[in-house]
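Trainee: Take this structure, written in structure tokens, and hold onto it; I'll ask about it next.
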């Protein structure tokens with residue numbers, strides 16, 4: 001009788017152990033529970049952006065649609081001519097209707113340095129020299145290059161896919177920007193450099209100074 005009781009107890013114990021093991025195998029791992037973080041699939045670049053030029057906007061470069069306030073003048077950036085020389089070279093924003101200058105040139109990727117300029121007819125034809133008298137001032141070459149041209153927005157002059165450009169500086173921040181579109185026209189803009197701290201971005205943007 002004692003032997004039968006021991007055998008029965010052993011069977012019950014084995015059954016209990018097997019049942020607990022079965023239940024453990026059916027309980028999902030905590031790492032896979034409802035509150036667990038799940039691995040996300042790798043991000044896929046939108047098809048619309050693949051192959052597009054890489055833009056370097058710093059903490060915040062200028063953008064089409066921005067409205068800048070300079071002194072008592074509002075500058076609406078209606079369109080952009082972006083020069084890409086294996087990265088940022090220049091951005092020229094047309095600001096139609098401005099009395100202080102119809103173009104804003106972004107001279108560095110973060111728009112820390114800009115120039116408020118207007119078209120000039122003083123630049124002679126041919127290659128831009130290293131020195132050039134404009135408006136009674138002698139301007140000197142700061143840099144030049146060749147770049148791909150990308151445009152966005154509206155109110156822009158005719159452009160082509162490639163251009164040569166030159167930036168010249170003079171006393172008091174005087175600046176000349178010349179863009180020769182290959183197979184197209186020349187865009188010559190002259191004016192004065194303006195620091196970002198002198199420009200305010202009106203509500204709707206987030207340019208930080």
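What follows is calculated from the coordinates using simple rules that are stated; it is not laboratory data. Since we're looking at a predicted model, the values are computed, not measured. So basically every Cβ, Gly included, is an ideal-geometry build from the backbone, and we count neighbours across all protein chains shown.
Trainee: I need the strands (runs of 3 or more DSSP E) fully contained in the stretch 87-170, keeping only those with at least 1 residues that are under 19 Å from residue 74 (Cα atoms). Walk me through how you get there before you give the answer.
Mentor: Working: elements: 88-94, 103-106, 113-119, 131-134, 137-153, 162-169.
Passing ranges, in order: 88-94, 103-106, 113-119, 137-153.
Trainee: Also, quick follow-up: State which residue pairs qualify: first residue touching a residue at least 24 places away in the same chain (Cβ under 8 Å) and at positive phi and inside the stretch 85-107, second residue part of a strand (DSSP E or B) and surrounded by 21 or more Cβ atoms within 10 Å (Cβ to Cβ) in any location, beta carbons under 7 Å apart, and separation of 6 or more residues or different chains.
Mentor: From residues that are touching a residue at least 24 places away in the same chain (Cβ under 8 Å) and at positive phi, the pairs are 101/116; 101/117; 101/191.
Trainee: Here are some residues: 116, 90. Which one is surrounded by 21 or more Cβ atoms within 10 Å (Cβ to Cβ) and within 14 Å of residue 166 (Cα to Cα)?
Mentor: On the way: 116 fails: within 14 Å of residue 166 (Cα to Cα).
It is 90.
Trainee: Continuing with this model, one more query. Between 193, 186, which is over 19 Å from residue 79 (Cα atoms) and touching a residue at least 24 places away in the same chain (Cβ under 8 Å)?
Mentor: Values: 186 fails: over 19 Å from residue 79 (Cα atoms).
None of the others qualify; the one that does is 193.
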